[in-house]
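As structure tokens, the structure follows; a few thoughts come after it.
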Amino acid sequence: AQKVTQAQTEISVVEKEDVTLDCVYETRDTTYYLFWYKQPPSGELVFLIRRNSFDEQNEISGRYSWNFQKSTSSFNFTITASQVVDSAVYFCALDLLQGAQKLVFGQGTRLTINP
Amino acid sequence: GAVVSQHPSWVICKSGTSVKIECRSLDFQATTMFWYRQFPKQSLMLMATSNEGSKATYEQGVEKDKFLINHASLTLSTLTVTSAHPEDSSFYICSARSPGRGPRDEQFFGPGTRLTVL
């Protein structure tokens, strides 16, 4: 069975702090995609990143960075120098390349950045 | 590009009435559309997968007769909540996928529809 676990339900930090959101996934497939989405209070999902299972290189995009480690089945997301606008719920998701090709979402982490 | 719209963005209805939510892919043809439901402070749960011109595939525990899905064209899928009750109040999100659209048939999400049943 496929499963995505985001153990951190809520995180609260002060602006300018760095924060890491954890994501652990389970799948027996060797090929898959992993995603991170941001859901601000408006509700609309904002796509942040997609990473395929064959690419373990870490990625950096501005203040955002992602650490993908197949050995530990983790795909963690770090925000550097956090800002109030980063406050949102963040979801990690798993997409298999076979079968029904459905997205399996983690429970989400509610991130609050305090001024 | 790759814009998905939903209509309405929010709806309030009386218990027992039916509500139709539309999901449209505005600039691409979506052979497959997905419907998700999200309760407050919870994750997105897939309700069903619909392919154009065929019956939807429902996830376990989702009532087919309660949530009617019609994917009549390559740009439109509708979700009808029949005989809605307060427990159906939720945020409904659709996504659309088109083969060959991106590196991996990426799903594009709509902005969601907030349904409140009184």
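Structure summary
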read-out	value
The stretch A:1-59, residues that are touching a Leu at 6+ places or on another chain (Cβ under 9 Å), of a type in the set (Asp, Glu) and under 23 Å from A:ALA88 (Cβ atoms)	A:GLU10
Subset of the stretch A:41-52 [within 11 Å of chain B (Cβ to nearest Cβ) and more than 12 Å from the chain's Cα centre (by Cα)]	A:SER42, A:GLY43, A:GLU44, A:LEU45, A:ASN52
Of all residues in the stretch B:12-26 being of a type in the set (D, E, K, R) and either within 11 Å of chain A (Cβ to nearest Cβ) or in contact with a Ser or Thr (Cβ under 6 Å, 6 or more places away or on another chain) (or both), the one that is surrounded by the most Cβ atoms within 10 Å (Cβ to Cβ)	B:ARG24
Neighbours by Cβ (under 7 Å, 6+ apart or cross-chain): first from the stretch B:17-35, in contact (Cβ under 8 Å) with a residue 24 or more places away in the chain; second buried (at least 24 other Cβ atoms within 10 Å of the Cβ) and not in a strand (DSSP E or B)	B:CYS23/B:GLY110
Residue within the stretch A:18-29 that is surrounded by fewer than 16 Cβ atoms within 10 Å (Cβ to Cβ), within 11 Å of chain B (Cβ to nearest Cβ) and not in a loop (DSSP other than H, G, I, E, B) present	no
The stretch B:36-89 - residue that is among the small types (Gly, Ala, Ser) and surrounded by 14 or more Cβ atoms within 10 Å (Cβ to Cβ) and, of those, farthest from B:SER5 (Cα to Cα)	B:ALA84
Strands (runs of 3 or more DSSP E) enclosed by the stretch A:36-115 - at least 3 residues per element that are farther than 20 Å from B:LYS41 by Cβ	A:46-52, A:59-61, A:64-69, A:74-79, A:88-96
Complete set of residues in the stretch A:77-101 that are of a type outside the set (Asp, Glu), at pLDDT below 90 and buried (at least 18 other Cβ atoms within 10 Å of the Cβ)	A:LEU96
Strands (runs of 3 or more DSSP E) contained in the stretch B:27-118 and holding at least 2 residues away from every other protein chain (no Cβ under 11 Å) and more than 28 Å from A:LEU48 (Cβ to Cβ)	B:67-73, B:76-81, B:113-117
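The values are calculated or read from the model by the stated rules, or taken from the named source; none is laboratory data. A quick note: this is a predicted structure, and the numbers were derived from the prediction, not measured. Quick reminder, even Gly has a Cβ in these numbers, built from the backbone with ideal geometry, and neighbours come from all protein chains shown.
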